[in-house]
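The structure appears right after this line, and notes come after that.
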Amino acid sequence: TNIDLKTSSNTINNVYGGGKNADATTTNLTIEGVTATNIYGGSNLTGTINNSYINMNSGTITNIYGGNNQGGTTTTTNLTSNGGTTTSIYGGGNATSTATSNLTVNAGTITNAYAGGDDGKVDNTNFNILGGTIENAFGAGNNAGADTTNIQATQGKVTSLYGGANQSGDVTTSTINT
């Protein structure tokens, strides 16, 4: 599945790289100049996504999730911020599990960046901060833990950096390199 979201004067409520209740081998989403509430690399209610790719280049997004919404699983997520403004960005899904998340921030303004999911566990997270401005950066998720979190923060501006989760969620091993 390939989705290119281009400049629009309308606000988009929800975008799914996968289907409502469907599997997909690979999903690719590119975001350029749109305003949206929720963007998911995976499916909505059920479905297995092997690989999801999201490139946030410009626009204003409330929530970006690398994985699925309310059910199913995503094996590997790959989410890259190259610009724009995002309130919350999640390497994992919303209320669903992910095996491995890869979150890279090259540029952009982000209030909360989670390498993990929102109420959904991610086994292993990889978070590369190479630029941009982030108020709060977490190696795990929001109300969601991870087995292993890896953070490489070499450039950019981060106000608060946490190896673990926000609010709740256990992390077995966390590594932060700055």
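Residue-level analysis places Ala36 outside the set of residues that are assigned to a strand (DSSP E or B), surrounded by fewer than 19 Cβ atoms within 10 Å (Cβ to Cβ) and hydrophobic (A, V, I, L, M, F, W, C).
Between Ala113, Ala144, the distinction of being outside any strand (DSSP E or B) and either open to solvent by less than 30 Å² (accessible area, probe 1.4 Å) or over 23 Å from Asn57 (Cβ atoms) (or both) belongs to Ala144 only.
Among the residues of segment 96-110, just one is open to solvent by 20 Å² or more (accessible area, probe 1.4 Å), hydrophobic (A, V, I, L, M, F, W, C) and closer than 23 Å to Thr73 by Cα, namely Ala99. Of the candidates Ile134, Ile129, Ile151, the single residue that is touching a Phe, Trp or Tyr at 6+ places or on another chain (Cβ under 6 Å), crowded, with 18+ Cβ neighbours inside 10 Å and closer than 15 Å to Asn112 by Cβ is Ile151. Does segment 60-71 contain at least one residue that is more than 11 Å from the chain's Cα centre (by Cα), free of Cβ contacts under 8 Å to residues at least 60 places away in the same chain, open to solvent by less than 10 Å² (accessible area, probe 1.4 Å) and more than 14 Å from Leu45 (Cβ to Cβ)? The answer is yes, given that some residue of segment 60-71 is more than 11 Å from the chain's Cα centre (by Cα), free of Cβ contacts under 8 Å to residues at least 60 places away in the same chain, open to solvent by less than 10 Å² (accessible area, probe 1.4 Å) and more than 14 Å from Leu45 (Cβ to Cβ). Among residues belonging to segment 6-19 that are within 17 Å of the chain's Cα centre (by Cα) and open to solvent by less than 50 Å² (accessible area, probe 1.4 Å), point out the one that is farthest from Ile39 (Cα to Cα). Across segment 6-19, the extreme among qualifying residues is Gly18.
The residue that is surrounded by the most Cβ atoms within 10 Å (Cβ to Cβ), among those in segment 20-33 that are more than 17 Å from Ser97 (Cα to Cα) and touching a Leu at 6+ places or on another chain (Cβ under 9 Å), is Ile31.
Flag: Gly84 does not match the condition of being over 20 Å from Asn143 (Cα atoms), open to solvent by 10 Å² or more (accessible area, probe 1.4 Å), assigned to a loop (DSSP other than H, G, I, E, B) and out of contact with any His (no Cβ under 9 Å at 6 or more places or on another chain). Working carefully through the options Thr48, Thr75, find the one that is touching an Asp or Glu at 6+ places or on another chain (Cβ under 6 Å), in contact (Cβ under 8 Å) with a residue 24 or more places away in the chain and open to solvent by 20 Å² or more (accessible area, probe 1.4 Å). After ruling out the rest, the residue left standing is Thr48.
Every residue in segment 39-60 that is farther than 21 Å from Gly132 by Cα and of a type in the set (S, T, N, Q), please.
Residues satisfying the conditions are Ser43, Asn44, Thr46, Thr48, Asn50, Asn51, Ser52.
The values are calculated or read from the model by the stated rules, or taken from the named source; none is laboratory data. This one's a predicted model, so the numbers in the text were calculated from it and none came from an experiment. Positions of Cβ are generated from backbone atoms using ideal geometry, with glycine treated the same way; all protein chains shown enter the neighbour counts. Please note that ligands, DNA and RNA were not included when accessible areas were found on the heavy atoms of the full protein model with its side chains. Shrake-Rupley method; radii C 1.70, N 1.55, O 1.52, S 1.80 Å.
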